[in-house]
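Working notes for the structure below.
What follows is calculated from the coordinates using simple rules that are stated; it is not laboratory data. Note that the structure is predicted; figures quoted are calculated from it, not measured. Glycine also receives a Cβ, built like all others from the backbone with ideal geometry; neighbour counts cover every protein chain displayed.
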Amino acid sequence: MNDGPGRLYVVGTPIGNLEDMTYRAVRILGEVDVVAAEDTRTADRLLKHFAIAGKRVVSYFEGNEAARSEELVAQMAAGASVAVISEAGMPGVSDPGARLVAAAVAAQVRVEVIPGPSAALAAVVGSGLATERFLFLGFPPRDPGPRQQLFGELRGERATLVLYESPKRVADCLADLAAAFGDDRNVVLARELTKLHEEYVRGAAGDLRDRYRDAPPRGECCLVVEGAGLGAEPVVDLDAEVRALLAKGLGPRDVAARLVVKTGKPKRQLYQLALSLQRTSD
């Protein structure tokens, strides 16, 4: 590891309340040569708020991560110090940053993490659900099929689940959670964390699904889902399930759509199985 002057600082910044900025984070941002920011406008406001002037700020977002990482690592190898910040929270956690850290490590540039606010940690701690073991899922797939498959795969997961979601997709996400885990599984919607309208909405998956079906929540949202209890993952006789649905008159596509959540199997695999079983029964 290179202990020379070149260094990468991964700096956590507030997710809403600027009072959550640490003394160390302010000092580091004031000392580095370059600030790589997911959103330069947000970064400018942050630096201005803490009276950090004359700082070189460059954009570092999903669209330019690869090229910018190469540029920044070259600068650090030459002795520059760089701080990477996301629009809010910890870089690299559902935000740009991980690619730059990996590139710095590969180039043997020293990496230091300046811990800061994290919506996922705040949500799981404030949820009231078990915190001994939790699984962070980031943003689930936008498309229903892959999202349902993911939740189906997690039906027997005993750890508390934590995920981010757009307010526009919260209702659909809750519907898929209820379908996969049951209407009675406890879920907490944490929104606008650390901000003026911070709110934790606790209830059963089915109740929250119904609550937000026609009235999406506002602001940044995080969902915390209770883990499965013992024996929550029954053995599924896949052939028998498919045959039973075919016997009810459902076609292979409908069978696949029904079982993707229950089994966590890919929809294409279920469709092919249903098609095969349908042919053998004809």
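Kindly state, to the nearest 0.05, the FRET efficiency for Arg45 paired with Asp184, given R0 = 35 Å and r defined as their beta-carbon distance.
FRET efficiency, Arg45 to Asp184: 0.20.
Could you check what % of the DSSP bridge pairs in the chain are antiparallel, to the nearest 5?
Just about 45 percent of them are antiparallel.
Let me know the shape class of the stretch 238-281, please: from the alpha-carbon gyration tensor, a ≥ b ≥ c as square roots of the eigenvalues, rounded when a/c is under 1.5, otherwise prolate if a/b is greater than b/c, or oblate.
Note, shape of the stretch 238-281 comes out prolate.
Output the peptides 78-90, 167-179 sorted from most to least packed, where packing is the average of other Cβ atoms within 10 Å over each peptide's residues.
My ranking of the peptides, most packed first, is 78-90, 167-179.
What is the distance, in nm, between label points placed 7 Å from the Cα along the Cα-to-Cβ direction at Tyr200 and at Leu135?
2.3 nm
So, with +1 on the Cβ of K and R and -1 on the Cβ of D and E, and no other charges, what is the size of the charge dipole of the stretch 148-189 about its Cα centre, to the nearest 20 debye?
80 debye
Taking neighbour counts of Cβ atoms within 10 Å as a proxy for exposure, in what order, fewest first, do Ser276, Ser69 appear?
Ranking Ser276, Ser69 by Cβ neighbours within 10 Å, fewest first, gives Ser276, Ser69.
Could you list Val242, Val34 in order of exposure, starting from the residue whose Cβ has the fewest other Cβ atoms within 10 Å?
By the 10 Å Cβ count, ascending: Val34, Val242.
For the stretch 159-173, just list the computed ³J(HN,Hα) in residue order, Karplus coefficients 6.51, -1.76 and 1.60, θ = phi - 60°, integers in Hz, with x standing in for Gly and Pro.
Per residue, the Karplus-derived 3J(HN,Hα) values read 6, 5, 9, 10, 8, 9, 7, 5, x, 5, 10, 4, 4, 5, 5 Hz.
On a 0 to 90 degree scale, rounded to 10, what angle separates helix 267-281 from the longest Cα axis of the chain?
Taking the Cα atoms of the chain, the angle to 267-281 is about 10 degrees.
On a 0 to 90 degree scale, rounded to 10, what angle separates helix 144-153 from the longest Cα axis of the chain?
80 degrees
About the Cα centre, and with charges only on the beta carbon of Lys, Arg (+1) and Asp, Glu (-1), how big is the dipole of the chain? Nearest 20 debye, please.
Once rounded to the nearest 20, the dipole reads 380 debye.
Considering the options Gly128, Leu246, Gly227, tell which one lies farthest towards the positive end of the dipole of the chain, charges being +1 on Lys and Arg and -1 on Asp and Glu at the Cβ, about the Cα centre.
Leu246
For Ser166 and Ala74, calculate 0.36 nm times their separation in residues minus their Cα-Cα distance, and state this gained length in nm to one decimal.
Here the segment from Ser166 to Ala74 would lengthen by 29.5 nm.
Just to be sure I understand the model, the point goes 7 Å from the Cα along the line to the Cβ. What's the resulting Arg24 to Ala247 distance in nm?
Once both label points are built, they end up 6.3 nm from each other.
Would you mind calculating the gained length between Lys55 and Thr280 on full extension (0.36 nm times residue separation, minus the Cα-Cα distance), in nm to one decimal?
74.0 nm
Angle, helix 238-247 long axis vs. longest principal axis of the chain, Cα atoms, 0 to 90°, nearest 10?
Roughly 60 degrees between the two axes.
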